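Below: one structure, written as structure tokens.
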There are 2 protein chains.
Amino acid sequence: MISVALMGHGVVGSGVAEILYTHKQKLFAAIGEEIDLKHILDLREFPDSPFADRFTKDFNVIADDIEVRVVVETMGGLHPAYEFVKECLSRGKSVVTSNKELVAAYGAELLSIASQQSANFLFEASVGGGIPIIRPINQCLVANNVSEIAGILNGTTNFILTKMFYEGMGFDEALKLAQELGYAERNPEADVEGHDACRKICILASLAFGKHIYPDAVHTEGITKITAADVAYAESWGGVIKLIGSVKKLGRDCIDIIVAPMFVPSHSQLSSIDDVFNGIMVRGDCTGDVVFYGKGAGKLPTASAVVADVVDCIKHLKTRKYLSWADSDNSSVLPYEQSVRAMYVRGVADDAAAAYDEAKAVFGEIHRLSRENAPQGELAFITEPMEFRCFEKRLAEVKSLKAESVIRIGDL
Amino acid sequence: MISVALMGHGVVGSGVAEILYTHKQKLFAAIGEEIDLKHILDLREFPDSPFADRFTKDFNVIADDIEVRVVVETMGGLHPAYEFVKECLSRGKSVVTSNKELVAAYGAELLSIASQQSANFLFEASVGGGIPIIRPINQCLVANNVSEIAGILNGTTNFILTKMFYEGMGFDEALKLAQELGYAERNPEADVEGHDACRKICILASLAFGKHIYPDAVHTEGITKITAADVAYAESWGGVIKLIGSVKKLGRDCIDIIVAPMFVPSHSQLSSIDDVFNGIMVRGDCTGDVVFYGKGAGKLPTASAVVADVVDCIKHLKTRKYLSWADSDNSSVLPYEQSVRAMYVRGVADDAAAAYDEAKAVFGEIHRLSRENAPQGELAFITEPMEFRCFEKRLAEVKSLKAESVIRIGDL
């Protein structure tokens, strides 16, 4: 019997407890031993839980229990999750977490402590919910040099963009629906401003490239400024708008990483990932493109990924999983102004035809887009790929056009 | 330094040698030790290989070398691959293979020998080429009860069906193109008759349900009878035709497994998997649907999956990976005549309207399909879901219709 402790009995944590209870037999068959959920740390009471007698409000009950070999952290937030996880690892306990904020902020340090203690620190559930992605990148694609990862990493924004695309909703209306359905929080900022997606692409980038990339080094744009007109232009261009987290390796010590809405061509596998689903493309030099698709959030999908990590920890109580990356000062991150992409521009002018001619004179080759019922004076076009700083400078030179929207073209 | 041997320097085997050579540094970083490719078994000579001095024609050089801890089998075919793998495992060496025929025929026995010898027998590359699928099912989804797996498991047939769908080619023309491009072999039977897909779905079924399912127990249909007319009707229905390997768990000891062309609705993630790509959907009770997409074949994608298994074996020289299934007598396989699906029928009649009325009288509710330029007397329709034996009996009762094509409707 292996003793496990759980910190945080919220949505994901209660799902972990539920799966440990309902899937007991399957887990026993996989491990050859029984998992004993010995302690659950939560300030609340859960008298109806089958583990009602296991609750504690005192973290030290877990930290001091030498029988507890694996601790699950599903509290969320940075504090006290960070302090608790650090203490557990320092005492040689393996830790499994679903907390992307924690991994994105302190991953390098916590992995390092785990390594010193011959313990494991696993976080499959922190990216893509129930979609296997951390282990596939770390194990299955180990014989590849990964050159790029791009993904739809946030289900809330993908739901909103899907409603805007297929049902013609505006952003506010789609957000309201997402909130009513429980897909968006009352304060939706972390989702709609791209912060959640940013943490996830940072974790994937750190894993694939071996150096911790901190979220504050990553240029992050949300979807709040996307309009129905942009969605219509994306469709006429031959694609959709998705919030993409992308990281590309440009050289030995230079990566291009960004979170932003992008035009995604309809031939890309990512274009057909709709509603609350997530999809992640990993480009390896041997495999080519591999895409992982599924539910990126939710109680049981996320909890099942946590439990899979618990199983892996139990199987590796004596040997360490080789999952780690070095700390870094973010110096390998390319300034986003130097990132090269084709750009979509939508704006208004007194005379759209004259503005088009001016834009063409400034940008060189551009591809004009059209849509039904475009108001008088509206102009939309796609530029050739160029550095973002160069794009911004040129756009300012197109004096007759008042730009209202600027969106990157994803080369996916 | 860890000594590894390779048996078979063909397409995949030479790819394994290439990756061990070109990705040496990355592999060293992952393992912490160097991999020494000590012996390569092949009857041919490869003087230009960086491993030219490692070739041998004598299997016993590998079997007798106690330094060799991991053996890669990329010979293909059943014999002598089976005898060699068995001998290596019996001597406590771990074995990695890409040979789906071998795993589908002898997996249970070889896993059992590996277990007795505390060695590992891994075969990620046997299904889905470079797409991670075996390890995700076995590890990442361990906290799920898998109820269904369905996939496009053969790139050759998917290429042919894609050309038939998007470019209006006939089967023969598309096959010829596939052969010219090197996607199909001169004798394409194993691909186009579904045998290759059958071996793969057997491996996935055995893994997910814990009992060896042998290919001869699985009803298998190929794509040679699919016509342009069928493709057009699938489009008018709202989908595409794909060769699907499918396995569903119906009860504690009953699975419904089949390989056959199926109508796949366009809202399914599998419908947009085109050309030589593979895609596999795994339905778990916690995760919901998870889909894996990528190149299902080819030298480097497949070889990179083999090398990832080699790395895993090296990391687990002392501990065993828990990957195994029991042998079985196929008694849990539902007879395909009892499998329930909606069916597509295309046929000809002297009077299509009268035949439609007769079909409706026999089948009850049916959904008639139309296509452009359908010849006089052609009738196509979709039935409600029913057992296949019931469908066949009823179809024979529609006397005024000469059925020319019958295809299952995938509930994907």
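Within the stretch A:125-143, the set of residues being in a loop (DSSP other than H, G, I, E, B) and either touching a residue at least 24 places away in the same chain (Cβ under 8 Å) or acidic (Asp, Glu) (or both) comprises A:VAL127, A:GLY128, A:GLY129, A:GLY130, A:ILE131, A:PRO132, A:ILE133, A:LEU141, A:ALA143. Please go through the stretch A:164-178 and give me each residue that is over 14 Å from A:ASP274 (Cβ atoms) and either among the acidic types (Asp, Glu) or assigned to a helix (DSSP H, G or I) (or both), ordered by number. Matches in the stretch A:164-178: A:PHE171, A:ASP172, A:GLU173, A:LEU175, A:LYS176, A:LEU177. Here the condition is being open to solvent by 10 Å² or more (accessible area, probe 1.4 Å) and out of contact with any Leu (no Cβ under 9 Å at 6 or more places or on another chain); of B:ASP216, B:ASP230, it holds for B:ASP216 alone.
Taken over the stretch A:143-153, the criterion of being buried (at least 24 other Cβ atoms within 10 Å of the Cβ) and within 7 Å of chain B (Cβ to nearest Cβ) is satisfied by A:ALA143, A:ASN144. Of all residues in the stretch B:88-111, those satisfying the criterion of being assigned to a helix (DSSP H, G or I) and aliphatic (A, V, I, L, M) are B:LEU89, B:LEU102, B:VAL103, B:ALA104, B:ALA105, B:ALA108, B:LEU110, B:LEU111.
Taking the stretch A:368-403 as the range and being in contact (Cβ under 8 Å) with a residue 40 or more places away in the chain, in contact with a helix residue (DSSP H, G or I) (Cβ under 8 Å, 6 or more places away or on another chain) and open to solvent by 90 Å² or more (accessible area, probe 1.4 Å) as the test, the residues that pass are A:GLU372, A:GLU384, A:ARG389, A:GLU392, A:LYS399. When each of A:LYS211, A:LYS200 is tested for being among the basic types (Lys, Arg), within 14 Å of another protein chain (Cβ to nearest Cβ) and out of contact with any His (no Cβ under 7 Å at 6 or more places or on another chain), the lone residue that passes is A:LYS211.
May I ask you to list the residues in the stretch A:190-245 that are polar (S, T, N, Q) and touching a strand residue (DSSP E or B) at 6+ places or on another chain (Cβ under 8 Å)? Residues satisfying the conditions are A:THR220, A:THR227, A:SER236. Whenever a residue of the stretch B:260-280 is without any contact (Cβ under 8 Å) to a residue 40 or more places away in the chain and more than 11 Å from chain A (Cβ to nearest Cβ), it has no partner that is crowded, with 20+ Cβ neighbours inside 10 Å and among the aliphatic types (A, V, I, L, M) lying with C-beta atoms less than 9 angstrom away and at least six residues away or across chains. Of the residues contained in the stretch B:79-92, one or more are found to be away from chain A (no Cβ under 14 Å) and either of a type in the set (S, T, N, Q) or touching a Lys or Arg at 6+ places or on another chain (Cβ under 7 Å) (or both).
Consider the stretch A:287-302 and keep the residues that are buried (at least 20 other Cβ atoms within 10 Å of the Cβ) and more than 7 Å from every other protein chain (Cβ to nearest Cβ). The one that is modelled with the highest pLDDT is A:THR302. Residues being in contact with a helix residue (DSSP H, G or I) (Cβ under 7 Å, 6 or more places away or on another chain) and among the polar types (S, T, N, Q) are represented in the stretch A:46-59 by at least one member.
Among the residues making up the stretch A:289-328, those that are without any contact (Cβ under 8 Å) to a residue 24 or more places away in the chain and in contact with a Phe, Trp or Tyr (Cβ under 9 Å, 6 or more places away or on another chain) are A:ASP289, A:VAL291.
Every residue, every condition in (1) surrounded by fewer than 21 Cβ atoms within 10 Å (Cβ to Cβ); (2) more than 13 Å from chain A (Cβ to nearest Cβ); (3) over 19 Å from B:CYS88 (Cα atoms), yes or no:
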| position | (1), (2), (3) |
| --- | --- |
| B:ALA5 | no, yes, no |
| B:GLY8 | no, yes, no |
| B:VAL11 | yes, yes, yes |
| B:ILE19 | no, no, yes |
| B:ILE40 | no, yes, no |
| B:SER49 | yes, yes, yes |
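Within the stretch A:162-189, the residues that satisfy the criterion of being out of contact with any Ser or Thr (no Cβ under 9 Å at 6 or more places or on another chain) and among the hydrophobic types (A, V, I, L, M, F, W, C) are A:PHE165, A:MET169, A:LEU177, A:LEU181. Restricting attention to the stretch B:179-195, the residues being assigned to a helix (DSSP H, G or I) and buried (at least 24 other Cβ atoms within 10 Å of the Cβ) number 1.
The values are calculated or read from the model by the stated rules, or taken from the named source; none is laboratory data. All of these numbers come straight from a predicted model, not from anything done at the bench. Counting neighbours? That spans all protein chains shown, and the Cβs are built from the backbone with ideal geometry, glycine included. Ligands, DNA and RNA are excluded from the accessible area calculation, which covers all protein heavy atoms including side chains. Shrake-Rupley method; radii C 1.70, N 1.55, O 1.52, S 1.80 Å.
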